[in-house]
Amino acid sequence: MKFVDEVQIRVDAGDGGNGCVSFRREKYIPNGGPDGGDGGDGGDVYLVADENLNTLIDYRFERFHAAERGENGQSANCTGRRGKDKILRVPVGTRATDEDTGELLGDLTSHDQKLLVAKGGFHGLGNTRFKSSVNRAPRQKSNGTPGEVRTLRLELLLLADVGMLGLPNAGKSTFIRAVSAARPKVADYPFTTLVPNLGVVRGENSRSFVIADIPGLIEGAAEGAGLGIRFLKHLERCRVLIHLVDICPVDGSDPAENAVTIVRELEKYSPELAGKPRWLVFNKMDLILEEEAQEVMDRVKAALNHEGPVYAITAISKEGTKKVCYDILDLLDTMPRQLAEDARDAIEKVEFKWDDYHKNQLAKAEADALAASKAFDDGLDDDDWDDEDDDGVEVIYVRD
């Protein structure tokens with residue numbers, strides 16, 4: 001299945017149903033009064049995380065999603081049925097952003113997590129809501145409000161503990177094959193890896209971590225060279241980065257310059273990502289003499305001003321890979337899992353424009369009733385009922 005990690009969709013929440021104007025007309029029941037019911041609320045639109053999904057490709061072809069409208073109110077004080085919610089299932093790790101405002105709506109990081117992205121409209125009020133002691137036959141009602149309409153940008157960010165960086169053909173896919181059961185494609189040409197790959201590394205005592213392999217970076221990636229930097233976002237949730245350096249490039253390039261290129265492109269993309277713990281791992285140690293290898297390693301460390309852990313491995317034969325994995329497990333045990341800064345902001349409640357609408361509607365109805373009562377005290381007729389109207393409801397006027 002094709003890997004799609006970013007899509008744009010439109011979601012329409014359901015409109016609220018309209019209120020009803022109706023009067024009770026039954027034999028032997030004089031002065032039946034109003035009995036118009038309220039409409040139903042519009043359906044909401046939710047995103048739900050599903051661990052069985054791993055791509056957003058379904059939303060590439062189906063971009064418009066709408067919840068159901070609430071039904072109108074009916075006589076006999078019958079309230080309209082609420083509209084059905086629209087549930088959109090997305091992979092775990094999906095981030096939802098409002099394309100028009102840039103507002104981060106939420107980050108779905110666990111299975112079955114639910115996120116409200118568009119709120120349905122509030123129901124309209126029936127004429128029963130507007131009756132008062134001086135307006136016993138109201139013909140007022142209110143219509144339901146429109147549901148929210150949003151254009152969303154959905155981004156899939158892989159949930160990995162460790163992310164791998166490096167030039168094409170540095171051996172990233174070979175490394176992930178050596179330490180996990182993942183089987184990404186490996187070949188002797190650049191950009192063999194075109195989409196991110198995940199692998200689970202298992203250690204002793206049931207300890208494990210998830211490692212992500214992304215397509216290689218080249219100089220100018222920030223300007224769109226190669227595959228660009230579109231896949232670097234998948235490293236935002238990683239707690240540790242592994243910078244894999246080919247100690248003996250087949251093209252004869254300088255490993256120190258190659259390493260500096262990767263760090264430079266990383267800093268252009270995100271200073272925060274560049275500030276994560278980064279381990280330096282030299283690969284293909286079997287292709288060079290030990291003395292020469294040490295000299296190259298010293299030059300690379302000096303060029304990067306690197307003070308973190310340094311390892312020398314041969315991924316194809318798994319030499320040195322076990323120590324790297326065990327040391328990572330020990331480090332992760334001491335590092336709490338944290339969401340990206342945007343994800344922490346998303347924990348705060350998202351405001352929706354119709355949250356307090358019903359309070360305003362009821363307050364308005366009470367204000368209208370108070371105004372009608374005041375008008376009656378002033379000798380004005382404000383019962384919204386004409387003398388020539390004859391709809392089966394008797395209106396009695398009381399004089400002081």
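The values are calculated or read from the model by the stated rules, or taken from the named source; none is laboratory data. None of these values were measured; they are calculated from a predicted model. Positions of Cβ are backbone-derived with ideal geometry, glycine not excepted, and every protein chain shown enters the neighbour counts.
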Select, from PHE122, PHE61, the only residue that is among the hydrophobic types (A, V, I, L, M, F, W, C) and out of contact with any helix residue (DSSP H, G or I) (no Cβ under 6 Å at 6 or more places or on another chain). PHE61
Every residue from the range 76-90 that is crowded, with 16+ Cβ neighbours inside 10 Å, of a type in the set (A, V, I, L, M, F, W, C) and farther than 23 Å from HIS111 by Cα: CYS78
Residue by residue through the range 34-50, note down the ones that are of a type outside the set (D, E, K, R), under 21 Å from LEU125 (Cβ atoms) and touching a strand residue (DSSP E or B) at 6+ places or on another chain (Cβ under 7 Å). PRO34, GLY37, GLY43
Conditions (1) outside any loop (DSSP other than H, G, I, E, B); (2) under 15 Å from the mean Cα position of the chain (by Cα): number failed by ARG129: (2)
Given (1) under 30 Å from GLY102 (Cα atoms); (2) at pLDDT 90 or above, identify the lone condition not met by GLY320. (1)
I'd like the full set of residues that are assigned to a loop (DSSP other than H, G, I, E, B) and at pLDDT 85 or above, limited to the range 266-282. GLY275, LYS276, PRO277
Can you name the residue in the range 56-74 that is within 26 Å of the chain's Cα centre (by Cα) and part of a strand (DSSP E or B) and is also farthest from ASP12 (Cα to Cα) among such residues? PHE64
Enumeration of residues in the range 123-136 that are touching a strand residue (DSSP E or B) at 6+ places or on another chain (Cβ under 8 Å) and buried (at least 21 other Cβ atoms within 10 Å of the Cβ): GLY126, ASN127, THR128, PHE130
Restricting to the range 165-198, count the residues that are at pLDDT below 85 and assigned to a strand (DSSP E or B). 2
Of VAL11, VAL21, the only residue that is over 22 Å from the mean Cα position of the chain (by Cα) and either loosely packed, with under 14 Cβ neighbours inside 10 Å or assigned by TED's automatic domain parsing to the domain that holds PRO146 (or both) is VAL21
